1. Out of (1) over 14 Å from the mean Cα position of the chain (by Cα); (2) under 26 Å from Val136 (Cα atoms), the odd one out for Leu93 is which?
2. Among the numbered criteria (1) touching a residue at least 40 places away in the same chain (Cβ under 8 Å); (2) away from the ligand (no atom under 14 Å from the Cβ); (3) open to solvent by 10 Å² or more (accessible area, probe 1.4 Å), which one does Asp118 miss?
3. Residues of the stretch 58-70 being in contact (Cβ under 8 Å) with a residue 40 or more places away in the chain, open to solvent by 30 Å² or more (accessible area, probe 1.4 Å) and not small (Gly, Ala, Ser), which ones?
4. Only residues that are more than 6 Å from the ligand (Cβ to nearest atom), hydrophobic (A, V, I, L, M, F, W, C) and open to solvent by less than 10 Å² (accessible area, probe 1.4 Å): list them for the stretch 128-148, please.
5. Which pairs have Cβ atoms under 6 Å, sit 6 or more apart or on different chains, and link a residue in the stretch 24-41 that is in the same structural domain as Leu8 (by TED's automatic domain parsing) to one that is open to solvent by 40 Å² or more (accessible area, probe 1.4 Å)?
6. Quick one: which of Ser34, Ser50 is in contact with a Ser or Thr (Cβ under 7 Å, 6 or more places away or on another chain) and either in a loop (DSSP other than H, G, I, E, B) or within 21 Å of Cys111 (Cβ to Cβ) (or both)?
7. Taking the criterion of being within 8 Å of the ligand (Cβ to nearest atom) and surrounded by fewer than 20 Cβ atoms within 10 Å (Cβ to Cβ), would at least one residue in the stretch 95-109 satisfy it?
Amino acid sequence: MSFNTTILTLFPDAFPGVLDLSVIGRARAQGLWSLETLNIRDFALDKHASVDDTPAGGGAGMVMRADVLAGAIDSVERGGRPLLYMSPRGKPLTQARIRQWSQGPGLIVLCGRFEGVDQRLLDSRDIEEVSIGDFVLAGGEIAAQGLIEACVRLLPDVLGASSSVAEESFEGGLLEYPHYTRPREFEGRSIPDVLLSGDHAKIKAWRRQKALELTRTRRPDLLPLKGDQAGSNPADKNKGKPQ
Ligand code: SAH
């Protein structure tokens, strides 16, 4: 079964973009996932092919028209796929959400431009707003590529060693431990001895310790609250919570 993506955008030339590179591009060539782009402008209703207009109530910028976008969206065969709108107002993406989508039939992704889209479009169609972080891009295309890349790399057979995914940042509720490779000495800095010891239990303990330290310093929000006895695995704190 393939993971099928449909992108609605004013800039179809932005695709496949980075999605054509390396393992993700190869996976598409192998038919593990598919990419279809629709140009929103093809659904314009007037002879000027306008897709946006001035905001009701005044103010800066332009707003994408609900009628044009509805035509584009309604032309897509949903096939049970979630319909997402990339938006800084959306819930920030999480790896858990990415994993859920990667286990489904695919995604339909609407990329905004200008000030965004008419609210009535979001209210009238079953659309989930999704943010890639608390900052503002000029358009949803890069955000959509990031989201799709994150989903596709989790599909079976896309990455070589699936165990490398299991240990990654966020998978166990922690940021990943630091990595080292050759040369053994770099500008006077050496690889930590434990990693060269061949003692796998010790290496595992060291990595877990480093992952905990990193998470505590950089992302304490990922750790269970003090006094919260959810267990040794901080990921437990999210178990059973609605997404
Ligand atoms: N006026 C809007 C920002 C519009 S930016 C606001 O203040 O909320 C134009 C488009 O870029 C958006 O419609 C959205 O599709 C995309 N975009 C911008 N920032 C994004 C983010 N953090 N995550 C996902 N999409 C984003």
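1. Tallying (1) over 14 Å from the mean Cα position of the chain (by Cα); (2) under 26 Å from Val136 (Cα atoms), Leu93 fails exactly one: (1).
2. (2)
3. Met62, Val63, Arg65
4. Those that are more than 6 Å from the ligand (Cβ to nearest atom), hydrophobic (A, V, I, L, M, F, W, C) and open to solvent by less than 10 Å² (accessible area, probe 1.4 Å): Val130, Ala144, Leu147, Ile148.
5. From residues that are in the same structural domain as Leu8 (by TED's automatic domain parsing), the pairs are Ile24/Glu149; Ser34/Asn4.
6. It is Ser34.
7. no
Every residue, every condition in (1) open to solvent by less than 30 Å² (accessible area, probe 1.4 Å); (2) assigned to a strand (DSSP E or B); (3) aromatic (Phe, Trp, Tyr); (4) within 13 Å of the ligand (Cβ to nearest atom), yes or no:
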| residue | (1), (2), (3), (4) |
| --- | --- |
| Met1 | no, no, no, no |
| Arg26 | no, no, no, no |
| Leu45 | no, no, no, no |
| Ala56 | no, no, no, no |
| Ala72 | yes, no, no, no |
| Gly80 | no, no, no, no |
| Pro88 | no, yes, no, yes |
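The values are calculated or read from the model by the stated rules, or taken from the named source; none is laboratory data. Not measured: the values here are computed from a predicted model. Backbone-built Cβ (ideal geometry, glycine too); neighbour counts: all protein chains shown. Note: areas computed on protein heavy atoms with side chains; ligands, DNA, RNA excluded. Shrake-Rupley method; radii C 1.70, N 1.55, O 1.52, S 1.80 Å.
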